[in-house]
Amino acid sequence: QQIQEDLNKQLFDNLVSFLRQSHSEFQEKTTEWTCRMKSREIPTAALVLGVNVTDHDLTFRSVSEVLQNNITPYIALLEAKDCPGIKNLMQKLMGQLMNCHIDVDSLEDEDYVQVSQNRISCSMTSLINWYETVTKKTDSEALSKKRTSSSRHWQSPPVVVIFKDMESFTTKVLQDFIVISSQHIRELPLVLIFGIATSPMIIHNLLPHSVSSLLCIELFQSLSCKEHLSTIIDKLLLTTQFPFKLGEKVLQVLINIFLYHDFSVQNFIKGFQLCIVEHFYSQPLSVLCCQLVDAKKRINYLSHDQCENIRRLPSFRRYVEGQVSEKQIALLTEDGCLKEVTLKLLEDLNVYHENYVSVLRCLHVFTSSLPKYPLGKQIRELHCACLENRVWETEEYESSIQLARMLNKSDLVTMLQQCVEIFVSSSGKEFDKTVEKLKDFLTQFQKLEAEAFQEQDVSVSSQKELQKKTDLYHLQKTLLELKESRRSKKLTKFEMLRFEVVDYIDSLVRNYLVPADHKTLHEIVYFNTASVLREHLNAAPRIALHTALNNPYCYLKNQALKSGGGSISNKAPDICIVYKLHLECGRLINLVDWLEAFSTVVMAAEGPNADAPSSDQVDDIIHARFIRAVSELELLGFIKPSKQKTDHVARLTWGGC
């Protein structure tokens with residue numbers, strides 16, 4: 001949440017500046033505001049937020065908080081589902097501004113609503129009267145308390161109306177509200193904010209020119225959701241601040257859902273939280289997934305069973321196999337020795353993460369500036385490639401190295417300077433020599449630049465001497481020597497230094513970007529169960545619906561609903577009975593036969609009862625239950641009315657789940 005607020009800070013600052021400007025014009029009654037009043041233009045901010053609609057609620061909440069803290073307390077957030085007509089819009093608007101609840105369903109007169117036991121008209125006139133009353137009251141309180149002009153709210157703060165999903169509003173509602181508001185803009189400092197998911201052109205598509213001309217529109221563009229995601233991954237995953245890590249397959253599942261489903265950063269965070277819960281719930285050794293200081297304390301309290309769990313880890317078993325026989329026996333039999341080694345391995349894993357992040361950022365500096373981005377433009381793509389396998393063995397990495405060996409000097413120097421900054425700010429303690437080596441490369445590039453100026457002067461003087469030689473023999477001899485030197489051209493000092501720089505970066509990659517699953521005890525901090533995550537996040541509604549209707553015990557856990565294979569229990573909900581019967585039918589289902597079968601199942605276990613209603617009443621009740629169950633089945637999309645026969649319905653689903 002803090003990261004997203006930081007990312008949106010520039011957007012919020014621009015929005016506040018826009019509102020301050022429009023509000024100050026109203027306060028000072030400047031010529032521009034007077035002209036705007038004459039033309040009845042309403043200050044309007046078009047806020048383009050992108051197609052990640054599920055993230056918009058958090059953004060609008062933040063916008064509302066920022067505006068309330070800096071501009072005005074009078075803010076209304078409207079959604080299209082609550083405003084099917086202009087009357088509903090005005091009711092919702094006045095209800096939010098007056099900080100009261102308006103019950104639309106209990107409204108008898110369409111022009112009046114009950115507010116604080118007083119009947120007021122939901123009209124623009126009432127809104128203006130309320131605003132004047134509230135601002136006068138605020139002014140009198142300000143005078144009584146001798147408040148200074150440095151208050152966070154102005155003397156007559158604007159009324160901000162936010163349309164959260166502008167594309168969903170009907171054209172008629174928007175047109176009526178804008179036209180009515182423009183006629184009262186002299187009395188009410190109204191400011192509109194349109195939340196737009198697609199394109200600003202939607203304003204002109206929804207509104208005719210006669211209405212859009214009443215708006216003074218300024219465009220505000222938020223950062224793309226991909227940039228948000230990259231920052232989230234950078235701040236949450238590529239850091240040593242949080243010990244919990246995502247495995248390559250799990251991270252790829254979350255990124256694929258983001259890219260191919262909803263572009264929602266909020267849903268990505270929810271998936272990340274789900275991974276945390278699942279890891280700490282299913283991994284017995286997750287007690288050690290904490291900061292190193294806490295892990296040192298917790299290791300001493302490990303039980304024998306927890307020590308056995310460590311011995312069962314595949315990565316630890318590989319580690320034990322690489323030890324001498326005496327060490328193997330100690331690790332497999334002595335808990336004290338195991339705890340000491342576990343602590344050392346956790347320290348090594350922590351150092352690995354510190355070094356990994358720094359070298360990954362350095363490699364990204366090089367790969368993100370290459371043409372065609374063989375390893376991806378975003379650091380998340382490079383991170384996934386490094387987690388998946390040894391990145392230096394991939395074709396994409398080889399292509400990146402070849403392209404890096406053709407970089408020009410200015411780009412290379414800039415990248416080296418960025419890498420120096422990364423390693424200097426790194427928490428890893430092994431990069432002192434690396435920083436010295438990179439600074440040495442920078443010094444050599446500076447020397448080459450000085451030598452290049454000298455060589456340029458020498459070449460100019462040699463060309464002048466060549467021009468002075470008028471003897472044909474000497475001239476031909478000199479030209480042949482130049483031609484021969486070009487044929488057997490050697491690498492220049494710059495090219496040799498460039499190769500040396502790229503080879504050094506390559507050596508850092510091979511040393512520090514080893515995949516995490518090659519490290520001992522990685523299971524403690526890495527969550528790798530992608531299949532569990534898919535079950536939670538990749539919904540299978542048809543399977544769930546079939547299971548619920550075919551076997552209601554699976555969800556309701558009622559012993560009375562247990563039934564053998566193929567049998568139909570009369571204790572099951574009506575829709576389950578109707579669903580099972582419909583599975584036995586063909587393409588067209590006769591409603592009369594279906595009703596008789598339903599009645600037979602329902603009445604199967606009911607014996608004679610003296611207090612039971614008459615048979616006619618029973619038939620009516622069963623008939624009503626059947627109609628309701630069939631209607632529910634139609635609503636779910638399993639059947640539809642048939643045009644061929646009026647007393648039949650058509651079946652729409654086939655095959656098993």
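The values are calculated or read from the model by the stated rules, or taken from the named source; none is laboratory data. Keep in mind the model is a prediction, meaning the values are calculated, not measured. All Cβ positions, glycine included, derive from the backbone under ideal geometry; neighbour counts span all protein chains shown. Accessible surface is based on the protein model in full, side chains and every heavy atom, while ligands, DNA and RNA are left aside. Shrake-Rupley method; radii C 1.70, N 1.55, O 1.52, S 1.80 Å.
Yes/no matrix, rows are residues, columns are (1) more than 17 Å from the chain's Cα centre (by Cα); (2) surrounded by 18 or more Cβ atoms within 10 Å (Cβ to Cβ); (3) of a type in the set (A, V, I, L, M, F, W, C); (4) assigned to a loop (DSSP other than H, G, I, E, B):
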{"position": "205", "(1), (2), (3), (4)": "yes, no, no, no"}
{"position": "243", "(1), (2), (3), (4)": "yes, yes, no, yes"}
{"position": "253", "(1), (2), (3), (4)": "no, yes, yes, no"}
{"position": "259", "(1), (2), (3), (4)": "no, no, yes, no"}
{"position": "267", "(1), (2), (3), (4)": "no, yes, no, no"}
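Please find, within segment 520-573, the residue that is least open to solvent (accessible area, probe 1.4 Å) out of those that are on the phi > 0 side of the Ramachandran plot and free of Cβ contacts under 8 Å to residues at least 60 places away in the same chain. Checked segment 520-573; the qualifying residue least open to solvent (accessible area, probe 1.4 Å) is 566.
Does segment 566-576 contain any residue that is within 13 Å of residue 639 (Cα to Cα) and not in a loop (DSSP other than H, G, I, E, B)? The answer is yes; a qualifying residue exists.
Go over the candidates 282, 325 one by one and state the one that is in contact (Cβ under 8 Å) with a residue 60 or more places away in the chain and surrounded by fewer than 17 Cβ atoms within 10 Å (Cβ to Cβ). Only one candidate passes the filter, namely 282. Summed over segment 207-231, the residues that are open to solvent by less than 50 Å² (accessible area, probe 1.4 Å), β-branched (Val, Ile, Thr) and modelled with pLDDT of 90 or more give a count of 1. Could you check, for segment 285-294, whether at least one of its residues is touching a helix residue (DSSP H, G or I) at 6+ places or on another chain (Cβ under 7 Å) and open to solvent by 70 Å² or more (accessible area, probe 1.4 Å)? Within segment 285-294 (the criterion being touching a helix residue (DSSP H, G or I) at 6+ places or on another chain (Cβ under 7 Å) and open to solvent by 70 Å² or more (accessible area, probe 1.4 Å)), the answer is no, since none of the residues qualifies.
How many of the residues making up segment 58-77 are of a type in the set (Phe, Trp, Tyr) and either within 21 Å of residue 6 (Cβ to Cβ) or open to solvent by less than 20 Å² (accessible area, probe 1.4 Å) (or both)?
Residues flagged as of a type in the set (Phe, Trp, Tyr) and either within 21 Å of residue 6 (Cβ to Cβ) or open to solvent by less than 20 Å² (accessible area, probe 1.4 Å) (or both) within segment 58-77 amount to 1.
Just to be sure, is residue 314 under 30 Å from residue 359 (Cα atoms), outside the structural domain of residue 59 (by the TED database) and surrounded by fewer than 17 Cβ atoms within 10 Å (Cβ to Cβ)? The answer is yes for residue 314. Would you point out the residue of segment 421-460, among those that are outside any helix (DSSP H, G or I) and buried (at least 16 other Cβ atoms within 10 Å of the Cβ), that is modelled with the lowest pLDDT? My answer is 428. For segment 176-187, a tally of residues being surrounded by 18 or more Cβ atoms within 10 Å (Cβ to Cβ) and either among the hydrophobic types (A, V, I, L, M, F, W, C) or under 28 Å from residue 61 (Cβ atoms) (or both) returns 4.
Number of residues in segment 64-95 that are hydroxyl-bearing (Ser, Thr, Tyr) and modelled with pLDDT of 90 or more: the value is 2.
Please pick out the residue among 360, 370 that is crowded, with 16+ Cβ neighbours inside 10 Å, of a type in the set (A, V, I, L, M, F, W, C) and not in a helix (DSSP H, G or I).
Unique residue meeting the criteria: 370.
Taking the conditions exactly as written (surrounded by 16 or more Cβ atoms within 10 Å (Cβ to Cβ), out of contact with any Ser or Thr (no Cβ under 6 Å at 6 or more places or on another chain) and within 30 Å of residue 323 (Cα to Cα)), does residue 387 satisfy them or not? For residue 387, the condition - surrounded by 16 or more Cβ atoms within 10 Å (Cβ to Cβ), out of contact with any Ser or Thr (no Cβ under 6 Å at 6 or more places or on another chain) and within 30 Å of residue 323 (Cα to Cα) - is met.
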